[in-house]
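The values are calculated or read from the model by the stated rules, or taken from the named source; none is laboratory data. It should be emphasised that the depicted structure is a prediction, and the values quoted were computed from it without experimental measurement. Here Cβ is always computed from backbone atoms with ideal geometry, including for glycine, and neighbour counts include all displayed protein chains. Keep in mind that these areas ignore ligands, DNA and RNA; they rest on the heavy atoms of the full protein, side chains included. Shrake-Rupley method; radii C 1.70, N 1.55, O 1.52, S 1.80 Å.
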Amino acid sequence: MQGLMQDWPLLISRLIDHAERFHSQVEIVTETVEAGRHRYTYAECAVRSRKLAQALERLGIKKGDRVGTLAWNTYRHFELYYGISGMGAVCHTLNPRLFPKDIAWVANHAEDQVLFFDLTFLPLVRELEEHFKTVKTFVMLTDQSNMPKSLPANYLCYEDLIDGGDGNYAWPALDENDAASLCYTSGTTGNPKGVLYSHRSTVLHAMAVIVPDAFNLSTRTILPIIPMFHANAWGYPYTAAIVGCKIVLNGPHFDGKSIHTLIKEEQVHITTAVPTIWLGLLDYLKETGQDLEPLEGLGIGGAAAPAFMIKAFEDFGVNVHHAWGMTEISPVGTMGSMNSITARWPLEEQQKLKQKQGRGLFGVEMKIVVADGSEAPWDGKTFGALYVRGPWTLKRYYRANDSALDEDGWFDTGDVATIDEFGYMQITDRAKDVIKSGGEWISSIDLENAAMGHKDIARAAVIGRPHKKWRERPLLIVVLEEGAVLDKDSILKFLTGKVAKWWLPNDIVTVDEMPLSGTGKVKKTGLRETFKDHKWPDES
Ligand code: AMP
């Protein structure tokens with residue numbers, strides 16, 4: 001016997017319809033690319049998203065066509081999220097931090113028909129123009145007053161384009177499993193791979209991260225610094241439309257001062273970013289002696305949150321949520337929040353627990369698989385390959401022939417992790433970054449986190465280098481705080497007791513800057529290349 005409830009396809013257009021009706025007066029604020037702060041309401045955003053859909057139809061875009069965006073977090077990018085997916089096309093967010101040749105490769109692989117881009121990227125787009133094989137129309141996300149003169153005829157102005165419609169447009173009735181958006185992984189090895197989200201996976205993910213134990217948006221104001229060009233900005237553009245929280249978008253402004261100004265002036269309660277951004281904000285707070293009022297919650301994800309960072313923000317009275325995810329899982333998999341047992345632990349213990357990446361959301365099944373293929377116990381100690389399964393985890397990469405899953409439908413994340421008896425997962429490493437010393441594994445992430453607590457160290461990364469006796473040993477690479485000089489003994493002494501003795505790095509070296517990937521993570525491939533000939537102090 002079947003249930004007797006309605007079929008109501010989970011479509012992205014329904015989110016913006018809902019926001020228009022129920023949160024019509026709530027603001028979306030943007031620190032713009034051009035200069036100045038723009039503000040309007042969800043109701044205005046909804047009308048403009050429909051005007052955009054009309055414009056896309058005029059440009060000949062059909063259901064399933066890919067439409068590229070190369071843009072910061074702005075209200076126009078927000079409209080693109082809804083206008084493109086809502087009319088049945090696929091919103092392909094390109095990551096401007098990729099190498100130019102990779103941007104062209106990705107646009108060609110996706111066969112993007114139109115490319116919407118921010119003013120910032122005009123030189124890049126002009127440089128790549130001849131390499132884009134399928135893009136017919138380029139649309140600059142600006143108004144006529146900011147349009148440069150003498151551009152080719154296929155360069156259009158966004159505001160003029162959407163002005164051609166009246167917003168009187170009915171979203172098409174799509175299948176909830178139709179493709180909605182596309183995002184490529186950063187591809188540290190080989191070509192980037194496309195992850196093609198559906199309307200259903202997007203809406204389910206957005207609903208799952210609303211809960212108080214995850215983003216807890218409710219009536220708050222959010223500043224999602226996580227870029228909209230990377231894994232749907234953790235789904236905030238969709239989640240926000242469900243709950244109707246005020247959204248503050250930072251455009252191309254990522255420095256500590258700009259972020260702090262937005263928090264204060266727009267009265268932000270919740271903000272999210274990768275650790276690199278938070279280092280900038282903490283530096284700014286240290287320099288200026290400012291506080292973070294009225295911030296309540298701060299999400300850290302994309303890379304491990306070091307202990308000192310969690311403590312530093314909590315000392316400001318801000319609740320830190322450590323999150324883990326990946327492009328392939330839409331992207332959120334786990335969120336760090338207390339449960340009814342751990343919430344009673346002493347604060348120090350809770351902060352320690354927050355170094356773990358959190359518990360799986362409903363909709364993200366997890367397991368740890370060890371070398372012999374068996375499943376590891378959830379004891380917080382046994383680590384192995386982390387596998388996931390669920391309705392917003394991919395099953396196959398875009399245009400790939402083979403499934404990305406094993407025969408039981410599990411996706412191997414490429415991360416190595418433990419899960420404890422309370423269900424808190426902790427990432428030990430990327431499988432390819434784990435250091436194998438004398439047959440035992442050393443977690444580069446744990447070592448990095450510990451090192452980041454040293455007063456002289458601004459950034460830390462650990463890589464494995466070949467060693468005659470142990471096969472591989474850890475090399476600690478640091479960026480020093482301004483004015484500090486490298487004192488290896490002091491660092492080793494500091495690490496002693498914080499990590500197992502046999503984990504202590506065999507050497508410590510400095511670099512002026514950490515090489516960062518397109519998504520703001522330390523590029524260990526770059527470091528391995530730089531230090532490929534590094535000799536251990538005890539080697540001749
Ligand atoms: P991406 O698909 O570019 O977002 O990268 C996903 C990868 O980033 C994951 O597979 C992890 O290796 C890493 N990652 C994401 N969040 C965290 C976190 N909180 N701690 C440690 N690693 C993380």
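Taking amide H as placed 1.01 Å from N in the peptide plane, Leu249 has its amide H under 5 Å from the amide H of Val29, Thr30, Glu31, each at least 5 places away in sequence or on another chain. Taking 0.36 nm per residue of separation and subtracting the Cα-Cα distance, full extension of the segment from Glu296 to Glu375 would add 24.6 nm. Ranking Ser490, Ser443 by solvent-accessible area of protein heavy atoms (1.4 Å probe, all protein chains present), from largest to smallest, gives Ser490, Ser443. In this structure, the residue pairs whose Cα-Cα separation is over 22 Å, taken from Lys367/Lys395; Lys62/Lys133; Lys436/Lys468; Lys352/Lys524, are Lys352/Lys524. Legend: distances between Cα atoms for Lys354/Lys535; Lys432/Lys501; Lys257/Lys432; Lys432/Lys532; pairs beyond 27 Å are Lys354/Lys535; Lys257/Lys432.
Applied to segment 18-23, the Karplus parametrisation 6.51 cos²θ - 1.76 cosθ + 1.60 on θ = phi - 60° returns per-residue 3J(HN,Hα) values of 4, 4, 4, 7, 9, 10 Hz, with x for Gly and Pro. Taking θ as phi - 60° and the Karplus parameters 6.51, -1.76 and 1.60, the scalar couplings of segment 112-121 work out to 4, 8, 10, 10, 9, 8, 7, 3, 3, 9 Hz in sequence order, x denoting glycine and proline. Put simply, the amide H of Leu480, placed in the peptide plane, has neighbours under 5 Å in Ala458, Val511, leaving out anything fewer than 5 places away on its chain.
The lysines whose alpha-carbon is closer than 16 Å to the alpha-carbon of Lys246, local same-chain residues fewer than 8 away aside, are Lys264.
The slack in the chain from Ala343 to Lys149, taken as 0.36 nm per residue of separation less the alpha-carbon distance, amounts to 63.9 nm. Output the relative contact order of segment 250-318, whole-number percent, from Cα pairs under 8 angstrom with separation of 6+ residues. Relative contact order here is 36 percent. Protein heavy-atom accessible surface, 1.4 Å probe, per residue over segment 433-530: 50 Å².
Remark: spin-label model distance Asp406-Glu130 equals 4.9 nm, labels positioned 7 Å along the Cα→Cβ axis.
Considering only alpha-carbon pairs that sit under 8 angstrom and 6 or more positions apart, the relative contact order computed for the chain is 10 percent. When a 1.4 Å probe is rolled over the protein heavy atoms, the share of accessible surface on the chain that falls to carbon and sulfur comes to 51 percent.
For Ala180, the residues whose amide H sits under 5 Å from its own are Tyr197, Ser198, His199, ignoring neighbours fewer than 5 places away on the same chain, with H placed 1.01 Å from N. Over segment 433-530, Cα pairs under 8 Å with separation of 6+ residues give a relative contact order of 25 percent.
Would you mind classifying segment 1-154 by shape? Square roots of the alpha carbon gyration tensor eigenvalues, ordered a ≥ b ≥ c; an a/c under 1.5 is rounded, otherwise it is prolate if a/b is larger than b/c and oblate if not. Judged from the Cα gyration tensor, segment 1-154 comes out oblate (a/c at least 1.5, b/c at or above a/b). Annotation: per residue accessible area for segment 94-157 equals 46 Å², rounded to a whole number [probe 1.4 Å, protein chains only].
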